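This report concerns only the one structure given below.
Bear in mind that the values in this text are calculations on the coordinates, not laboratory data. Small disclaimer: the values here were computed from a predicted structure and weren't measured. Don't worry about glycine lacking a Cβ; one is built from the backbone with ideal geometry, like all the others, and counts go over all protein chains shown.
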Amino acid sequence: MSYQPPGVVPARHNERIGRSDERRRIQVAAPLPNTQQAMRRRNLSLVLHAVAAHGPLSRASVAARVGLTRAAVSTLVDELIRDGLLVELGPSRPGTVGRPGSALQLNEHGPAGLGAEIGVDHLAVCAVDLAGRVRARTEAASANRDCAPAPVLTQLSALVRQVAAEAELGGLRPVGLAVAVPGLVARGSSLVVRAPNLGWEGVDIGPELRAALPGLPVTVDNEANLGALAELWRGGHDPAPQDFMHVSAEIGIGAAVVLDGQLLRGTHGFAGELGHVPVRPEGPECACGGRGCLEQYAGEEAVLRASGLSPEEAAAEHPGPGGRIAVLAVRAAIGDQPTRRALRDAGAALGIALAGAVNLLDPEKVVLGGALTPLAPWLLPALERELGRRVADPARPGSGAVTVSRLGPDGPLLGAANSVVQAVLDDPAGFRDPAGAGEPPGIRGSDA
């Protein structure tokens, strides 16, 4: 058994072992060394996660959920209140036997996560509070394809400053920015290795954003990864699936895999490139250098062409972000046969590509998200039919094997903002209220 510092010894050890599902939801994402200081930080996270998942809660209820003594929880709660992460409400559960405790909830005026998305035809930024509620948001049409990174990042920085100012007016403290991009991002860096639909290659977007937003930590990730994390954290599933594949699209098609509640990144951070899985090896050449890739059959531009529309015609018919997908959805809804046939063929291609991944990984769910969600009614029948034909497990039916995300096209943006919030929940000792602690806002480099 690992060493526990005095005052924070878990109570009812056997009871904690029986709470496997609870512990999977209330845990620190990254392990820390077993020092007394590290154990304190882990316990702070346990308490904050418990309130985030189930609050408002009394201190006694928190202690029962996380398996720590009431005295230990009270000490930890006092620290979280002092650091501006929790607030204490009035007495909880009035009318019950005994003296009612004060209910705890996340501070609505505490740290905020900023999320940004660089799309092919738009830029979007939002701010979320500790509960994941969107408190400020803006979006701008922007023709980013084959545009140099500098003007795109300049415009994005202006939008981030605008949203950060709105969040601060609402009493929030932005503590970090995460950016979703439609391309490969080198693991643990802000380097966009390749974003073919933007025309970017080897572009490190972190330095320019950090220079424009001094003092604000910046992280960058693939849009499909962040969409999957949004599904895990804010997808509205009860219970949240711990093993699933998330498939999303803009012009290209991306996927991400979550296993045991953790994102599968791969050695270089490039896991999930479903769009470049060949579904017809003799098919047309793809921008990646391969042939017959999924994107050549189920990507947005491929579906538009198969429907008898050019991307330019579709954009003119329905201007603005997401307009070309909207054109397809409208035409399919009114019974346009070329569009329905194109979507049926795209669904079949998706099913072929996904069948291999499902056979390999055996996920609990496949979630269709991002820009694909408005097209789900016409994609799903053929997609599920191919899964039913090709998945090796006879107990896994094709029908109902795929869930449509409730987050829709906002998934990557929400995942970006909530990744900042999760960093706070996972290590609250790294964040504190400067008004209460006399320190600048943001991420601290050392313990208090």
So how much slack lies between A211 and R406, counting 0.36 nm per residue of separation and subtracting their Cα-Cα distance, in nm?
66.7 nm
If the label point sits 7 Å along Cα→Cβ of R280, residues of region 320-360 with amide N under 14 Å come out as 342-353
Distance in nm between A158 and N359 label points, each 7 Å along Cα→Cβ, equals 5.2 nm
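Starting from the Cα-Cα distance between H109 and D146, subtract it from 0.36 nm times their residue separation and give me the gain in nm to one decimal. Let's see the in-between values first.
Numbers: separation 37, 0.36 × 37 = 13.32 nm, distance 3.99 nm.
Length gained between H109 and D146: 9.3 nm.
Quote the FRET efficiency, to the nearest 0.05, computed for V134 versus A71 with a Förster distance R0 of 41 Å and r equal to the Cβ-Cβ distance. Walk me through the numbers before you get to the answer.
Numbers: r = 37 Å, r/R0 = 0.91.
Using R0 = 41 Å, I get an efficiency of 0.65.
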With r defined as the distance between the Cβ atoms of D238 and A392 and R0 fixed at 25 Å, what FRET efficiency is calculated, to the nearest 0.05?
0.30
Need the full-extension length gain, E312 to A186, defined as separation in residues times 0.36 nm minus the C-alpha distance. One decimal, nm.
42.1 nm
Take the alpha carbon atoms of region 126-180, find their center, do the same for region 247-299, and report the distance between the two centers in whole angstrom.
27 Å
Using only the Cα atoms of region 238-405, what semi-axes does the equivalent ellipsoid have when each is the square root of 5 times a gyration tensor eigenvalue? Give whole Å, largest first.
26, 17, 16
Run the paramagnetic zone check for L169: 7 angstrom along Cα to Cβ, then residues of region 101-128 with backbone nitrogen under 20 Å.
108-116, 124-128
Sites V330 and D78, calculated FRET efficiency, Cβ-Cβ separation with R0 51 Å, nearest 0.05
0.35
